[in-house]
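Colleague: This structure is in C-alpha cells; I'll ask about it shortly.
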Number of protein chains: 2
Amino acid sequence: MFKIGDFSKLSRVSVKMLRHYDQLGLLKPAYVDPFSEYRYYSADQLPRLNRILALKDLGLTLEQIARVLDENISGEQLRGMLTLKRAEIEQQVRAELNRLARIETRLRQIEGEGTLPAHDIVLRTVPAQLVAGLRQSIEADSAVAPLFDELETYVARHKARAARAPLLLCHESEHRARLDLEVVVPLTNAIPASARVTVYELPGIEAACIVFTGPYDVRMAEAAAALFRWADAHAYQAAGPTREVFLRFGADDLGFPLPAAYLTHEPAAYVTELQLPLRRAPARQA
Amino acid sequence: MFKIGDFSKLSRVSVKMLRHYDQLGLLKPAYVDPFSEYRYYSADQLPRLNRILALKDLGLTLEQIARVLDENISGEQLRGMLTLKRAEIEQQVRAELNRLARIETRLRQIEGEGTLPAHDIVLRTVPAQLVAGLRQSIEADSAVAPLFDELETYVARHKARAARAPLLLCHESEHRARLDLEVVVPLTNAIPASARVTVYELPGIEAACIVFTGPYDVRMAEAAAALFRWADAHAYQAAGPTREVFLRFGADDLGFPLPAAYLTHEPAAYVTELQLPLRRAPARQA
DNA sequence: CTTGACTCTCCCCTTGTGGGAAGGTGTATG
DNA sequence: CATACACCTTCCCACAAGGGGAGAGTCAAG
C-alpha cells in the first residue's frame, strides 16, 4: 500500500486531486487507517485512476465520470453522453472561432486607427414587443419629430404607452431619394389601429448594436456604416430594417409615462442605439 | 437617472452584473443616493457599458477590461493584449479539436466493441531521471528476471537504488528474432558504470500510457498494439523505445528500498505501465 | 528519542454569475 | 395619509476543479 504522496508520484496526480477524488467518491483509497485517517492506495487502483483521467480528458465532468464508473452505464448511454459532449465542444469551437474573427477585426481597427474605435459593436438578442407604428416616406430627418408627436398623442389617448424607449425603423426603399421611415412606440396593451397607425408585435431579433451619444449628425451615419461593415466582415446579412432606439432624446413632455431620465434638452446628451438585425449569411466558400 | 432595474432593462444586463461591475469599479453608477444607497444610472453610461460588453466578448477578463478602460492604455499595449488573447484562444481551439478527435476515437471503439475498451490511454509527461541500465539481446521474456537480479544487485552494492519503479526499454532491433531489451532501475545518485551496466539520465518524454493489471500475457501485447494504433490515429510518431514500468511485480525482496507496495506474489495483481514516447507526426495532408 | 518529512482536516481563493434572505425605499392606489 | 407592493440594499452561498496554507497529528530513520 502506498501513502498518498507515493501514489501521487506514481500516478503523477497531485495529492490535492487524490483527496478531492476521494471526497467525491471517484477514487476511494484501498484502505484508510481508522486511527490516523491516513489514506493508503494500492497499485491496482491505477487503472481506475487512469480511466478517470482518460474520461476527464474527453471533457466529462467529474460527476459524469462518477456515473460512468459506478452505475456501470451501458454502451448505449455512454455513446449518448459522448455524442452530446462532442456537440458541446463543436459548439464551443465555433464560438471561439467567432471570437477569433472579432479579435482580428479589432486588431485591424487598431492598426488602422491607432486606438480603439469610437463605437463598440455588441451582439445581443432583442425581445419582441407590442408596438404602435406610423410609417411614412419623408424627405428629411426633420420631418420625424411631427410623426412622433402624432403617434405619441394617439397612443396617449388610449393610455397604452409602455415606459420604454421609442424607436425608428429605417425601411429599405428602392427609390432612395426619399426615406421610408416608421416611427414606433411600445405599448402596454393592444389598442385599435387607425388609418395611419398600425398596431402589431415587433419581432424579436438578433442584432448588432451600437450605442451612440450626441446629436443626430454625420457621426451617426458613420456608426451605421460601421455596423454594416461589421456585419459583412463577420458573414452576417441584414434581416430586417435597421432600428434606431431613442434611449435619451429631446422632446417636450407630452404627458406620456416616460421617466425624466429619457429626456434631455442638451443634444450632446442624446443617447441612441442603432440595431442592425442579423442573420447568418450563406457561406462564401467552404 | 434610471434605477438599477430600469437601466438593466435598457441595457439587457442583469441587475446582478451591474452591481458586480459597480463593485469591481468597472461601471460606477452616475449617482448613489447617500441615504438609501440606491444606485442611479444615466443613459449616457450605456456606451461605457457597451464597451465593457464588447471587450468581454473578445474574451478579456473583467480585470483586464478595467485596465483598458481606466488606465487609458495605449493602442500598442492594447494590441499586445489582444494578440496574446488571440494566441490563447488559438491554443484552446487546438486543444478542443484534439479533444474532439479523442472523442471520435472513443465513439468508434464503442461502436466496435459495444462498451469501453479494457484499457485507457492517457497522455502525460514523464520527467527525466538518473538510471542504471543493462542492455542485452535475449530470446524470451523469461530471460528478463535474471537481468534485473544482476542489475539490482549491482546497484544495491553502491547503495544508490531510488525508491521508484524499475522499467524495461524495448529497443527496436532490425532482426526481430531476438528482443533487444534494456532493464533499467532508478538511482538516487551517480555510481560508476561497469562493463555491463551503464549509468545515464533517461530523458523525459511525452508519452501515451496504459496501465495494465495482471500477468504478462497476450493481453499485454494487445495493450501495446492499442498504444501504437492510438498514436497513429492521433498523428503521433514513436519517439524512442517503448517503456514498461513495473509498478507492482513479483520479485524476491533483494534488500533494496522499494516499499512492499511494489511487490506481490500474485501475478493477477501485477501492475505494469506501458509508455510509448511520442512526437508529432508530420502532417499527411494540409 | 528526536527530527524532519508526511499527512490529516479545515478554511479561503480563483471567475463570472445566479439565487435567496432579511430588511429598507419609492410610489401608486384606495 | 396609510398601506400594499414592487423595488432596492447588503450579505451569504453556490458553481468546477482544484491550489495554497495553517495548525495539528503521524511515521520512520538515525
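Colleague: Please indicate, with yes or no, whether at least one residue in region A:79-86 is in a helix (DSSP H, G or I), loosely packed, with under 14 Cβ neighbours inside 10 Å, more than 8 Å from chain B (Cβ to nearest Cβ) and modelled with pLDDT under 95.
Modeller: Yes.
Matching residues to (1) closer than 26 Å to B:ILE110 by Cα; (2) modelled with pLDDT of 95 or more:
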| residue | (1), (2) |
| --- | --- |
| A:HIS20 | no, yes |
| A:GLY25 | yes, no |
| A:PRO29 | no, yes |
| A:PHE35 | no, no |
| A:TYR40 | no, yes |
| A:ARG48 | yes, no |
| A:LEU55 | yes, no |
| A:GLY59 | yes, no |
| A:ARG67 | yes, no |
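Colleague: Something else now. Could we say that B:THR115 is surrounded by 13 or more Cβ atoms within 10 Å (Cβ to Cβ), polar (S, T, N, Q) and at the interface with chain A (Cβ under 8 Å from one of its Cβ atoms) here?
Modeller: yes
Colleague: Taking the condition of being small (Gly, Ala, Ser) and either open to solvent by 60 Å² or more (accessible area, probe 1.4 Å) or within 11 Å of DNA strand D (Cβ to nearest atom) (or both), how many residues in region B:1-29 meet it?
Modeller: Qualifying residue count, region B:1-29: 3.
Colleague: Going through region B:42-73 one residue at a time, which ones are within 16 Å of DNA strand D (Cβ to nearest atom) and within 38 Å of the chain's Cα centre (by Cα)?
Modeller: B:THR61, B:LEU62, B:GLU63
Colleague: Something else about it: Taking region A:139-156 on its own, how many of its residues are farther than 14 Å from A:VAL197 by Cα and open to solvent by less than 30 Å² (accessible area, probe 1.4 Å)?
Modeller: Of the residues in region A:139-156, 1 are farther than 14 Å from A:VAL197 by Cα and open to solvent by less than 30 Å² (accessible area, probe 1.4 Å).
Colleague: List the number of the failed condition for B:ARG135; all other conditions in (1) over 30 Å from A:GLU104 (Cα atoms); (2) open to solvent by less than 50 Å² (accessible area, probe 1.4 Å); (3) more than 7 Å from chain A (Cβ to nearest Cβ) hold.
Modeller: Among (1) over 30 Å from A:GLU104 (Cα atoms); (2) open to solvent by less than 50 Å² (accessible area, probe 1.4 Å); (3) more than 7 Å from chain A (Cβ to nearest Cβ), B:ARG135 violates only (2).
Table: residues versus (1) in the same structural domain as A:ALA101 (by TED's automatic domain parsing); (2) of a type in the set (A, V, I, L, M, F, W, C); (3) closer than 21 Å to B:ASP6 by Cα.
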residue	(1), (2), (3)
A:VAL184	no, yes, yes
A:ALA223	no, yes, no
A:ARG229	no, no, no
A:ARG243	no, no, yes
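Colleague: Taking region B:251-264, which residues are under 16 Å from B:ALA145 (Cα atoms) and either within 12 Å of chain A (Cβ to nearest Cβ) or modelled with pLDDT of 80 or more (or both)?
Modeller: B:TYR262, B:LEU263, B:THR264
Colleague: Mind counting the residues in region B:196-213 that are more than 25 Å from the chain's Cα centre (by Cα) and buried (at least 16 other Cβ atoms within 10 Å of the Cβ)?
Modeller: 2
Colleague: Further question on the same structure: Of all residues in region B:30-41, which are open to solvent by 10 Å² or more (accessible area, probe 1.4 Å), touching a residue at least 12 places away in the same chain (Cβ under 8 Å) and within 11 Å of DNA strand D (Cβ to nearest atom)?
Modeller: B:TYR31, B:TYR38, B:ARG39, B:TYR40, listed by residue number.
Colleague: Next question, about the same structure. I'm checking my understanding of the structure. Among residues of region A:63-78 that are part of a helix (DSSP H, G or I) and open to solvent by 30 Å² or more (accessible area, probe 1.4 Å), which one is farthest from DNA strand C (Cβ to nearest atom)?
Modeller: For region A:63-78, the residue satisfying everything is A:GLU76.
Colleague: Would you be able to say whether some residue in region A:106-114 is under 30 Å from A:GLU182 (Cα atoms), of a type outside the set (A, V, I, L, M) and assigned to a helix (DSSP H, G or I)?
Modeller: No, every residue in region A:106-114 fails to be under 30 Å from A:GLU182 (Cα atoms), of a type outside the set (A, V, I, L, M) and assigned to a helix (DSSP H, G or I).
Colleague: In region B:74-95, what residues are β-branched (Val, Ile, Thr) and either in contact with an Asp or Glu (Cβ under 8 Å, 6 or more places away or on another chain) or within 16 Å of DNA strand D (Cβ to nearest atom) (or both)?
Modeller: Correct list: B:ILE89, B:VAL93.
Colleague: Oh, and also: Scan A:ASP57, A:ASP44, A:ASP33 and give me the residue that is facing chain B (nearest Cβ under 9 Å), closer than 21 Å to B:TYR262 by Cβ and charged (D, E, K, R).
Modeller: Just a single option satisfies the conditions, and that option is A:ASP44.
Colleague: Being open to solvent by less than 40 Å² (accessible area, probe 1.4 Å) and at the interface with chain A (Cβ under 7 Å from one of its Cβ atoms) is the filter; apply it to region B:100-112 and report the residue that is farthest from A:LEU69 (Cα to Cα).
Modeller: B:LEU100
Colleague: Right, here's the next one. Among the numbered conditions (1) away from DNA strand C (no atom under 11 Å from the Cβ); (2) not assigned by TED's automatic domain parsing to the domain that holds A:GLU90, tell me where A:LEU18 comes up short.
Modeller: All conditions pass for A:LEU18, except number (1).
The values are calculated or read from the model by the stated rules, or taken from the named source; none is laboratory data. These figures come from a predicted structure and were not determined experimentally. Neighbour counts run over all protein chains shown; Cβ positions are idealised from the backbone, glycine included. Note: areas computed on protein heavy atoms with side chains; ligands, DNA, RNA excluded. Shrake-Rupley method; radii C 1.70, N 1.55, O 1.52, S 1.80 Å.
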